[in-house]
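Chemist: Shown below is the structure under consideration.
Coordinate-derived values only; no laboratory data. Remember, it's a predicted structure, so these values are computed and weren't measured experimentally. Cβ placement follows ideal geometry from the backbone for every residue including glycine, while neighbour counts extend to all protein chains displayed.
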Amino acid sequence: MYALILSGKNGTKRGRNMYKKWRKAVIIPIAAVTLGFIYFLLGNTTTNAAKQGIDLWRMAEAVQHDNGKVIEWSLHTRETLNIENAGQFRAKMEKLQETFPQWDWKQDEKKDRFAAVGTSVSANSNFHEKIQLLSTLKNGQRFSYILYEVSGQNWSKEEAQLIKEKFPKQLALIYKEKPVIFSCIKGEFNDKIDHVLSKYASDMLKEFHAEEKESLKEKDFYSVSAYSPDFTQAVPLRNTEMNVQIGLRKSGMGAKTTIVIGTPILTIEY
């Protein structure tokens, strides 16, 4: 689900080479912190679900405040499970189907991998939900997860209110503990003036009262990892922490600029 890429710092030769290789992927600077980050992904946090809805709202407001338009948003959640065999997997899947009977469910069972996916789309097609139940056998050890995602293309006060009301309730139905939560917004700026990407990045950092920790800077591409007191979850980064990433891409002179903001990391490509 998440692209984990080691990147260089401030446009070094190593960073530029990786940028060329992975320019269509999410860039997540995690040099020297892989083990800590994996621990973060697999563990549980005490994050309040309603707060994550507010984080999403905060990021959307930042884009709109800079005269941008939100074109995509998502909330991803994840929790590890103790599933040891096919019988336990089917029991968990059946429980989910009973909890969400109106959803469209599909399943796929193989020798080393069990998977079930449930999806639901709102009547106006603006609110997409997905539950994934996964269990994989690797080197004699079974790894099992449950993931819940809610996403959409439009953003409005109505969408924000729906997330605030529905998201915590869904998490309570799906998870036993409080899961890891990733919030992400994608937006566009219609540039009448050829603004440099550094201006947009600087504006966003100021909006979030954030301090830059690591970056990859090109003429038409910008990736910044930072720490902001406005956001709660954080991941280790070398000798410090980060909890917000900002990615910017410009298509050309006077063209649209795409921005992606994520906490604690990016989960949408740009």
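Chemist: Past 19 Å, Cα to Cα, is the threshold; run 106/178; 199/256; 164/213 against it and keep the listed order.
Modeler: 106/178; 164/213
Chemist: Take residue 65 and residue 156, extend 7 Å from each Cα along the Cα→Cβ direction, and tell me the distance between the two endpoints in nm.
Modeler: Calculated label separation equals 2.4 nm.
Chemist: Here's a follow-up. What residues have an amide H closer than 5 Å to that of residue 230, excluding those fewer than 5 places away on the same chain, when H is modeled at 1.01 Å from N in the peptide plane?
Modeler: none
Chemist: Using the charge dipole of the range 34-263 (Lys, Arg: +1 at Cβ; Asp, Glu: -1 at Cβ; taken about the Cα centre), state which of 261, 147, 251 has its Cα farthest towards the positive end.
Modeler: 147
Chemist: Which ³J(HN,Hα) values in Hz, rounded to whole numbers, follow from the phi angles of the range 97-109 under the Karplus curve 6.51 cos²θ - 1.76 cosθ + 1.60, where θ = phi - 60° and Gly and Pro get x?
Modeler: Each residue of the range 97-109 in turn: 5, 5, 6, 10, x, 7, 7, 8, 10, 9, 9, 8, 10 Hz.
Chemist: Related question: When the Karplus curve 6.51 cos²θ - 1.76 cosθ + 1.60 is applied with θ = phi - 60°, which whole-Hz ³J(HN,Hα) does each residue of the range 260-268 get, with x for Gly and Pro?
Modeler: These are the phi-based 3J(HN,Hα) values: 10, 10, x, 9, x, 9, 7, 10, 10 Hz.
Chemist: According to a simple spin-label model (label point 7 Å from Cα along Cα-to-Cβ), what is the distance in nm between residue 128 and residue 109?
Modeler: 2.9 nm
Chemist: Using the Karplus equation 6.51 cos²θ - 1.76 cosθ + 1.60 (θ = phi - 60°), what ³J(HN,Hα) coupling, rounded to whole Hz, does each residue of the range 220-231 give in order, writing x for Gly and Pro?
Modeler: With coefficients 6.51, -1.76 and 1.60, one gets 10, 8, 9, 9, 10, 10, 9, 10, 10, x, 6, 10 Hz.
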